[in-house]
C-alpha cells in the first residue's frame with residue numbers, strides 16, 4: 001500500500017527531527033545547572049545562561065510538535081470524541097485540519113519567514129544579556145517548524161481520508177507506551193491465562 005508507506009515515511013521524518021532535537025534538553029540542563037552553581041556558590045552569575053535557556057527550550061518545544069502529532073499525542077479534551085466511531089472522528093479531524101490547522105501553519109510559515117528575514121538582515125542580537133548572541137538562527141526555527149508541521153498535517157489528513165474509506169484508522173509507528181497502558185495489557189494477559197485454566 002503506497003499511501004501507508006508515505007504516511008510512515010513522513011512519521012519517520014517527524015520522529016527523527018523530534019528525537020534529534022530532544023537532545024537539546026541535555027544542553028539546557030547543563031546550562032541551567034551551571035548558572036545556578038555559578039550564581040549561588042561563586043556569586044558570579046553568567047551573562048549568557050538566560051539567552052541560551054530560552055533559545056534551547058524554545059527550539060526543543062517547537063521541534064517536538066510534529067513528532068507528538070505523528071504519535072497522536074496532543075491533548076484531546078473532548079471525551080465524546082473518543083466514544084465516536086472512527087469515521088466520525090475522521091470527519092471531525094479532517095474538518096478541523098482544513099479549517100484551522102493548515103491556515104494557522106501557513107500563517108506561521110509566512111509571518112515566521114518575514115520575522116526571520118528581518119532579523120537576519122539586521123544581524124539582530126539579543127538585548128536580554130550583555131553577551132547579545134545572534135538570534136536570527138533561533139527565529140529561523142519558526143518557519144522551518146511550520147513547514148514540518150504542514151508536512152505532518154498532510155499525513156494526518158491522509159489518515160482521515162483513509163479512515164473515511166476503510167472505516168478504521170491506519171496504523172502508526174510504534175514508540176513508547178504509557179505505564180498504565182502496559183499494566184492494563186499485562187493484567188489482560190493474566191486474566192486470559194486464568195480463564196484458560
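The values are calculated or read from the model by the stated rules, or taken from the named source; none is laboratory data. Computed from a predicted model, the values in this text were never measured in an experiment. Cβ coordinates were reconstructed from backbone atoms using ideal geometry, including for glycine residues, and neighbour counts include every protein chain displayed.
Annotations
- With respect to the conditions (1) modelled with pLDDT of 95 or more; (2) within 23 Å of residue 127 (Cβ to Cβ); (3) exposed (fewer than 12 other Cβ atoms within 10 Å of the Cβ), residue 99 lacks only one, and its number is (2).
- Of the set (1) modelled with pLDDT of 95 or more; (2) outside any helix (DSSP H, G or I), all apply to residue 145 but (2).
- Of the criteria (1) touching a residue at least 12 places away in the same chain (Cβ under 8 Å); (2) in contact with a helix residue (DSSP H, G or I) (Cβ under 7 Å, 6 or more places away or on another chain); (3) over 25 Å from residue 143 (Cβ atoms), which one residue 60 fails: (3)
- Residue in the stretch 156-168 that is farther than 30 Å from residue 48 by Cβ, over 19 Å from the mean Cα position of the chain (by Cα), assigned to a loop (DSSP other than H, G, I, E, B) and touching a residue at least 12 places away in the same chain (Cβ under 8 Å) present: yes
- Qualifying residue in the stretch 99-111 (condition: more than 22 Å from residue 64 (Cα to Cα) and under 21 Å from the mean Cα position of the chain (by Cα)): yes
- Selection of the stretch 49-86 for residues being surrounded by 15 or more Cβ atoms within 10 Å (Cβ to Cβ) and more than 18 Å from the chain's Cα centre (by Cα) yields 49, 50, 51, 52, 53.
- Checking residue 55 against (1) touching a helix residue (DSSP H, G or I) at 6+ places or on another chain (Cβ under 6 Å); (2) over 19 Å from residue 129 (Cα atoms), the condition it does not meet: (2)
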